[in-house]
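The values are calculated or read from the model by the stated rules, or taken from the named source; none is laboratory data. Only a predicted model underlies this, so the values are computations on that prediction, with no experimental measurement involved. Heads up, the Cβs are rebuilt from the backbone with ideal geometry, glycines too, and the neighbour counts pull from every protein chain shown.
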Amino acid sequence: MKKIINVNFKTFDGAFTKLPEECMQIDESEDIYLGSTNSYYFDKVVADELNLSNLFVQKQSLNLQDKKIYRYSNLNLPRQKVDLLKERFDIKVIRNPDKADIHVTSLQHIGNIIDHEWRGGYLSVGNFYSVCKSLKEQNVLSDDLLEKLRIKFSMMNSNDHIIKIDFPYYSISSYTTFKALFTTAINNLEDKLESKNRSLVVRKINTKAFNDILNPAATVVLDTDILNIIDEDLAVLDNDQYDQVKGMILSNDRENRTLGLEMLANCNVEKSFDLVSSLYWWHYDWLKDTTNWNSVNVKALRSRLKSYEGGHSIVNVHAYNNFIKILVQDGKLTEFLATQTREKLLNEFLGNSVGPTSDVFEVAFDNLKIKKEFNNSIND
């Protein structure tokens, strides 16, 4: 985490050969820079990138017996499942975080505290110094501005600060020329800070909420880990039930689809992951057309399966590729899912070309293999 130094370039009335001192405003912000990512959402991958996952107590180390729990907002923790938790561990849910033993948060709650800036324009202090040095050598910085920069640099250090650059959209021609020189100096840097698309920033208004998570007065646990504890006592959907649940989801009767979705939401998701993830990936649009899609219970399921959402076409090879890749990333690729995906690819995508229904060419199922780097990730 670093404090942000805003470097704002101001428009200037009139031409110049050297950038005047008043054109560059340098102020320390009360916002906090966390890092950068290519992700659209704040998820477990981003939390790991920012080393935030270490803040959360894992379920295997969590003692819930007779504890007082405080719930943050934006949790996917249905009331009926909390009731199960109360019965099992004799816990109490309270409204005062200072008196709680355990704080339950969520990646969604943390994500709402953190802004995703598209191409934020951040430079390390060292890189900003290199850019200014290059511009000085090109003799395009006024003496007054150089003196201001010397003073400001004496108050910065690379460990605690980061530079945010902001240019106005419209300016006179001499200003545009300077901006081009500045941009060229940045592009010539050997180690640019941001190669990723989005900068992660905590605004001043959210710093207290963020610090409460970083420095809690209680144990902090994610809602997903609480759900996993609750789900331990729930039913497991075996792979041999796949066709039965699939039939309910693909039913023309909306109530049947609703019941099928409720079965997914009320099962032990982790132990039923083969069945649940495959049905969710390939039949997402059918699951959305149900009466309970926006229920708290189903929202908890949707949160767990965030990476698997979206309609995926069976006639697009990317759908098959991405399913395997996400399963590997999640540590959830099994022999059942690998075999099922190969069968689906052969029968429903390649069928008319080289599969069972082709006219001339044929690829045998045993010859349709998953690449070694993915096959090695199959769980026993």
Legend entry - Members of segment 88-108 that are more than 15 Å from ILE230 (Cα to Cα) and in a loop (DSSP other than H, G, I, E, B): ARG95, ASN96, ALA100, ASP101, SER106
Inset, instruction - Could you tell me which residue of segment 316-349 is surrounded by the fewest Cβ atoms within 10 Å (Cβ to Cβ), considering only residues that are in a loop (DSSP other than H, G, I, E, B) and at pLDDT 90 or above? - result: ASN316
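Residues are listed down the side, and each one gets a yes or a no for (1) of a type outside the set (A, V, I, L, M); (2) within 28 Å of the chain's Cα centre (by Cα):
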position: PHE9; (1), (2): yes, no
position: ILE26; (1), (2): no, no
position: TYR40; (1), (2): yes, yes
position: VAL46; (1), (2): no, yes
position: GLN80; (1), (2): yes, yes
Inset, instruction - Output the residue which, of all residues in segment 290-312 that are closer than 14 Å to ASP43 by Cα and of a type in the set (S, T, N, Q), is modelled with the highest pLDDT. - result: SER307
Legend entry - Residues of segment 200-229 satisfying the condition of being touching a residue at least 40 places away in the same chain (Cβ under 8 Å), among the basic types (Lys, Arg) and in a helix (DSSP H, G or I): LYS204
Legend entry - Residue pairs meeting the criteria (Cβ under 8 Å; at least 6 apart or on separate chains; first farther than 13 Å from ALA300 by Cβ, in segment 67-78; second hydroxyl-bearing (Ser, Thr, Tyr)): TYR72/THR105; TYR72/SER106
Inset, instruction - State the number of residues belonging to segment 71-81 that are assigned to a loop (DSSP other than H, G, I, E, B) and surrounded by 16 or more Cβ atoms within 10 Å (Cβ to Cβ). - result: 6
Inset, instruction - Mind counting the residues in segment 1-43 that are touching a Ser or Thr at 6+ places or on another chain (Cβ under 6 Å), among the polar types (S, T, N, Q) and not in a loop (DSSP other than H, G, I, E, B)? - result: 2
Legend entry - Within segment 204-233, considering residues that are under 22 Å from the mean Cα position of the chain (by Cα) and among the charged types (D, E, K, R), the one surrounded by the most Cβ atoms within 10 Å (Cβ to Cβ): ASP223
Inset, instruction - Please give the number of the condition LYS372 fails out of (1) touching a residue at least 12 places away in the same chain (Cβ under 8 Å); (2) more than 18 Å from ILE314 (Cα to Cα). - result: (1)
Inset, instruction - Would you be able to tell me the number of residues in segment 58-71 that are modelled with pLDDT of 90 or more and within 27 Å of the chain's Cα centre (by Cα)? - result: 3
Inset, instruction - Could you tell me whether any residue of segment 148-169 is closer than 20 Å to ASP27 by Cβ, without any contact (Cβ under 8 Å) to a residue 12 or more places away in the chain and either more than 37 Å from the chain's Cα centre (by Cα) or surrounded by 15 or more Cβ atoms within 10 Å (Cβ to Cβ) (or both)? - result: yes
Legend entry - Residue in segment 1-57 that is modelled with the highest pLDDT, counting only those that are in contact with a Cys (Cβ under 7 Å, 6 or more places away or on another chain) and surrounded by 17 or more Cβ atoms within 10 Å (Cβ to Cβ): PHE9
Inset, instruction - Could you figure out which of (1) buried (at least 18 other Cβ atoms within 10 Å of the Cβ); (2) over 20 Å from LEU234 (Cα atoms); (3) touching a residue at least 40 places away in the same chain (Cβ under 8 Å) isn't true of ASP274? - result: (2)
Legend entry - Flag for VAL245 being closer than 30 Å to ASP115 by Cα, β-branched (Val, Ile, Thr) and surrounded by 13 or more Cβ atoms within 10 Å (Cβ to Cβ): no
Inset, instruction - Check LEU84, LEU123, LEU135 and return the single one that is modelled with pLDDT under 90, part of a helix (DSSP H, G or I) and within 30 Å of ILE186 (Cα to Cα). - result: LEU135
